[in-house]
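The values are calculated or read from the model by the stated rules, or taken from the named source; none is laboratory data. Values in this document were obtained by computation on a predicted structure and should not be read as measured data. Heads up, the Cβs are rebuilt from the backbone with ideal geometry, glycines too, and the neighbour counts pull from every protein chain shown. All accessible areas refer to the heavy atoms of the entire protein, side chains included, with ligands and DNA or RNA removed. Shrake-Rupley method; radii C 1.70, N 1.55, O 1.52, S 1.80 Å.
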Amino acid sequence: MKSLDWMDRMACRDEDPEVFFDDARSFADAKAICARCPVTTECLNYVITADIRHGVAAGMSEAERFPLHAAHAHRLTRALGRAS
């Protein structure tokens, strides 16, 4: 299991979580918070591998992350197909 110590450095750690899930206006606020975050790469990796599809994460909306989720699912399916 990978360490989640990077979460201690998230710019959103002390922010209201609703900002990341409400509406388009709060999404702009969420993206601004993400823009100053030092761990967006770790965050993006986490939300993709944990299959978290809602809200803003790593500075990206659900729609912006969708292709990454789909690519991850495809790679996982191929890897599992080879393992059997």
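At-a-glance table
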quantity: Hey, Cys37 free of Cβ contacts under 8 Å to residues at least 60 places away in the same chain and outside any helix (DSSP H, G or I) or not; calculated: yes
quantity: Selection count where residues are open to solvent by 80 Å² or more (accessible area, probe 1.4 Å) and either at pLDDT 85 or above or touching a strand residue (DSSP E or B) at 6+ places or on another chain (Cβ under 8 Å) (or both), scope the range 68-83; calculated: 0
quantity: Any hit, the range 5-25, residues being under 13 Å from the mean Cα position of the chain (by Cα), of a type in the set (Gly, Ala, Ser) and in a helix (DSSP H, G or I); calculated: no
quantity: Test: residue in the range 37-53 that is open to solvent by less than 70 Å² (accessible area, probe 1.4 Å) and in contact with a Ser or Thr (Cβ under 6 Å, 6 or more places away or on another chain); calculated: no
